[in-house]
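In what follows, a structure is listed as structure tokens, so that the remarks can point back to it.
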Amino acid sequence: AVMTYKLKPGAHAEDLKKNIIRPDYNIVPNEVSVTFTVKAETAGKDVYVIGSYPAIGKWDVKNAVKLEKKGKNTFSKTVKLLTNTDIEYKFIKMGSDMKPEWESTANRLLNIENGQKAVTVSAEFNK
């Protein structure tokens, strides 16, 4: 039999290598393009996405993903994440001083189901 794996809730892609997984016979994690788009008034600061998943910084501001300006007050970036993953994230604003302004709202949640090919997340800063 071919054994495939599903990440435990809260596990990350790197955990596949560390065997922090459980065997599952019908689900194979695959990469998904996740596009984060946020509307924010920035006063010249950049906007980033940061969260519990390594590809979006694992809550380390130095590793947050900078979003690209797509229009007036609109910022967006596509990153690769794995299916069968629950992710917590926030948007932050940060200038050249690298002092983040965090969203004051609760952590945002994203669940990526198996079989999804692309996911789009749209939000407004602090809403």
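Hey, any hits in the range 14-26 for a residue that's open to solvent by less than 50 Å² (accessible area, probe 1.4 Å), touching an Asp or Glu at 6+ places or on another chain (Cβ under 7 Å) and modelled with pLDDT under 80? Yes, the range 14-26 contains at least one residue that is open to solvent by less than 50 Å² (accessible area, probe 1.4 Å), touching an Asp or Glu at 6+ places or on another chain (Cβ under 7 Å) and modelled with pLDDT under 80. On the stretch given as the range 85-123, residues that are among the β-branched types (Val, Ile, Thr) and farther than 16 Å from Val32 by Cβ total 2.
Which of the residues belonging to the range 63-90 are of a type in the set (S, T, N, Q) and within 15 Å of the chain's Cα centre (by Cα)? Give the derivation first.
Residues of the range 63-90 of a type in the set (S, T, N, Q): 63, 73-74, 76, 78, 83-85.
If the condition is that a residue be of a type in the set (S, T, N, Q) and within 15 Å of the chain's Cα centre (by Cα), then Asn63, Ser76, Thr78, Thr83, Asn84, Thr85 are the ones that fit.
Cβ-Cβ distances below 6 Å connect the following pairs, each with a first residue in the range 28-51 that is in contact (Cβ under 8 Å) with a residue 40 or more places away in the chain, a second residue that is surrounded by 23 or more Cβ atoms within 10 Å (Cβ to Cβ) and of a type in the set (Ser, Thr, Tyr), and a separation of six or more residues or different chains: Val49/Tyr89; Gly51/Tyr89. Checked against (1) within 17 Å of the chain's Cα centre (by Cα); (2) farther than 19 Å from Val119 by Cα; (3) open to solvent by 50 Å² or more (accessible area, probe 1.4 Å); (4) not hydrophobic (A, V, I, L, M, F, W, C), Lys93 passes all but condition (3). If you go through the range 91-117 and keep only what is over 21 Å from Asn30 (Cβ atoms) and in a loop (DSSP other than H, G, I, E, B), you end up with Gly95, Ser96, Asp97, Met98, Lys99, Pro100, Glu103, Ser104, Thr105, Ala106, Asn107.
So, of the residues in the range 52-90 that are hydrophobic (A, V, I, L, M, F, W, C) and assigned to a loop (DSSP other than H, G, I, E, B), which turns out to be surrounded by the most Cβ atoms within 10 Å (Cβ to Cβ)? Before you say what the answer is, go through the steps one by one.
Going through the range 52-90, the residues hydrophobic (A, V, I, L, M, F, W, C) turn out to be 55-56, 59, 61, 64-65, 67, 75, 79, 81-82, 87.
Still in the list and also assigned to a loop (DSSP other than H, G, I, E, B): 59, 64, 67.
On the way: Trp59: 15, Ala64: 24, Leu67: 21.
It comes out as Ala64.
Looking at this structure, is Thr4 modelled with pLDDT under 50 and of a type in the set (Ser, Thr, Tyr)? Show your work before the answer.
Details: modelled with pLDDT under 50: yes; of a type in the set (Ser, Thr, Tyr): yes.
Yes, satisfied.
The values are calculated or read from the model by the stated rules, or taken from the named source; none is laboratory data. Keep in mind that this is a model prediction, so the values were computed, not measured. Reconstructed Cβ throughout: ideal geometry from the backbone, glycine too, with neighbour counts over all protein chains shown. Surface accessibility is based on the protein's heavy atoms, side chains included, excluding ligands, DNA and RNA. Shrake-Rupley method; radii C 1.70, N 1.55, O 1.52, S 1.80 Å.
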